[in-house]
Each structure stands twice: as C-alpha cells, then as structure tokens.
1. Which whole-Hz ³J(HN,Hα) couplings does the stretch 46-61 yield from phi under the Karplus relation 6.51 cos²θ - 1.76 cosθ + 1.60, θ = phi - 60°, glycine and proline marked x?
2. How big, in percent, is the set of alpha carbon pairs in the stretch 40-323 lying more than 34 Å apart?
3. So how many Lys-Lys pairs in the chain land under 26 Å Cα to Cα, not counting same-chain pairs under 8 apart?
4. Give me, ordered by chain and number, the residues 5 or more places off residue 265 or on other chains with an amide H under 5 Å from its own placed amide H.
5. At 7 Å along the Cα-to-beta-carbon direction for both residue 254 and residue 164, put a label point, then send me their distance in nm to one decimal.
6. In what sequence do 159, 286, 182 fall when counting other Cβ within 10 Å, fewest first?
7. Tabulate in residue order the Karplus-calculated ³J(HN,Hα) for the stretch 234-248, using 6.51 cos²θ - 1.76 cosθ + 1.60 with θ = phi - 60°, rounded to whole Hz; enter x for Gly and Pro.
8. How far apart, in nanometres, would the label points at residue 44 and residue 27 be if each is projected 7 angstrom from Cα along the Cα-to-Cβ direction?
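Derivation of every value follows stated rules applied to the coordinates shown; laboratory data play no part. These numbers were taken from a predicted model, which means no experiment stands behind them. Heads up, the Cβs are rebuilt from the backbone with ideal geometry, glycines too, and the neighbour counts pull from every protein chain shown.
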Amino acid sequence: MRGEIANDHELKGATNALRRARPHTLLWRLIRIVVVFLPPVGVIAAMILLWGGYFGPLYLTLFVVMYLLTGFGITIGFHRFFTHGGFKAGPVIVYTLGILGSMAVEGNLIWWVATHRRHHRYSDKEMDPHSPHVGRKPGILGTIKGLLHAHMGWFFNSDSTRTDSQRYAPDLLADPRIMAIDRLFPLWVVLGLLVPASIAGAVTRTWTGALLGFLWGGLVRVFMVHHVTWSVNSICHFWGSRNHETGDESRNNFLMGILGLGEGWHNNHHAFPSSARHGLTWRQIDPSWMVILMMRQLGLATAVKIATPPSSHDHKCTSIVRSVHMRPGKSLSR
Ligand SMILES: [Zn+2]
Ligand SMILES: [Zn+2]
C-alpha cells in the first residue's frame, strides 16, 4: 500500500514536471501568436489615429511612464534580481518588480527566468534557446534567418520554449511569493493594459481617451518593450564591441545600452552575470543601475553585487562574480 502511494505520488510529480517543461497546448500556441502580433496591430491603429490628430501630452506621458515602469520591471526585476540575484530586497520590492515585469507581457516570471538562465548556461551553443549563431547558414539570408530566430522566431520553436523550470529555477519554485506572482500572470497583463486606459478615460472623460490610453500606454508600449528586450537577444549577440572574452558572441552595443535601459552592455553582463551594474564605465550609460543605486541609498536594495570597472582587477573580479553566479539548485536568499 505504501509502495502504491509512493508510486502514485512519484507519477504525479513526474507529470507535473512534464507539464512545467512542456506548456505546449494549442491554447498556449494561440496565446503566443496574440502576444507577438497584437501589439503591432495596436501600433498601426495608433499611427492611423495619430495621422487624424488623435494624440497629446497625456498619451505621450502614459507611454513613457509605462515604458519605464514595465521596462525596469524586466531589466531590474526579472533579469538582474530574479534571474541573477544581483541584490537582495524585501517583500514589497519583490512583489513590485514581479508585477511590473509581468506587465511587460514577456511570459510568466518563472518561465522567463528559467529560459534566461538556460541562455547563460549554453550561450551561443547548441542548447541556447535564442542564439543568432547556432545552426546559422552562410550568406546574408542565413544571417537574417539567425537574427530573426534570436529576435522572436524562437517563441515558435518548441525546443527553445521548452525549458524545465525545476532544473533552472528551483529557488523560485520554492518561494510562495514568486509562485503567486507567476500564477497570476494573466491578471498583471490585463492590469497593465487597463490602468493606462482607465487613467486616460478618467482624465478626458471620453471613450476615445480611454482607447488612446489603451493604445499608447498599453499596446504601443508593450510593442516597444518587446522589441527592445528581444534586440538584446539578437543585436547584442551580433553587433558591438567586446571588452571581455566570454566564450560566446555577446556584444556591448551603445544604442541598445540606452534604449534597453542599460541591458545593451551585454558583453559586460555575460562576463559578470551577477553584477547588478552592467555599464561598467561612466560612458556606458546604465539607467537600470542608476535606479538600483537609488534603491540602495533608500535601503530598498541590499547586498548589491557590483563588478569593478575594467582595470587591472578585471581578471580577479571575473572569477569572484562568476563564482557566485547561478549554481544549479542554489537558493537565492532575499
Ligand atoms: Zn546573451
Ligand atoms: Zn542575464
């Protein structure tokens, strides 16, 4: 009897693990198509309305504020905090960053983290979920195909999207706060679209205002955050400078450094994955680092990990920061 119960338990565990590893029902495929292609439709609608004079400072403000909030949710939250444990923070910051990052509509938190850790584990090698180089055919067509795969094509490739969160993110699965944020992902997505629509509707007291708020603070903003984040995967593994020998094709790219709120200093990041600071010199502008610095001053971020700027200490620092980076199964205490 005990044996039967144990077997039943094991079977349930194995099935659950499989479900986590393979969220590939038809519904998920449809959702993925909507997530990738609905924002461009919103951009076209916003452009047509703009042509007709439907725009103003309110909508521009909603776009910029929502871009920064959800963009930092990804760069500071999903990436530097949840994936790499670049600093520690209390529950309010954990929830805030988790919810804001979810509003960027780039997938649920645990899947995002597991996929990105896999990217670091196999960067530009066979198992990398979104390398522009793996399997690339020669010539310009091969290059374009590789870049398209790294940018957004990988969403439609089950080998790329199937990442076992038990293997790559056991620390997050063990944290009930993170599980709650992760499970409520659809709610955060809807809120991220409804909040700007409601603000614009309340300010203008018109349905047209609500629609424009939905478009600019919602879909157009999601479109921008998506393509800037995805450009880090494609462009920042292709064009730019290399300050560190990282064994992959990661690059520091100035334009993506600015647009990506500091994430474009991607070669630095691959050299020092746990560092909360990616732009390592004053010339390498890193808005996400500036916010983390402010959070540290306010006591909202503690135990902040920082790679020293490239110098004679460079080699030593690489070994220090790398040694704390993502050991499988290691819990990131917060
Ligand atoms: Zn990378
Ligand atoms: Zn990373």
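1. Values per residue, Gly and Pro as x: 5, 5, 5, 5, 4, 4, x, x, 8, 6, x, x, 4, 6, 5, 4 Hz.
2. 20
3. Within the chain, the lysine pair count is 12.
4. 253
5. A separation of 4.5 nm, rounded to one decimal place.
6. Ascending number of Cβ neighbours within 10 Å: 159, 182, 286.
7. Coupling constants for the stretch 234-248: 8, 4, 6, 10, 9, 10, x, 9, 10, 8, 10, 7, 10, x, 9 Hz.
8. Each label point lies 7 Å from its Cα, and together they span 2.8 nm.
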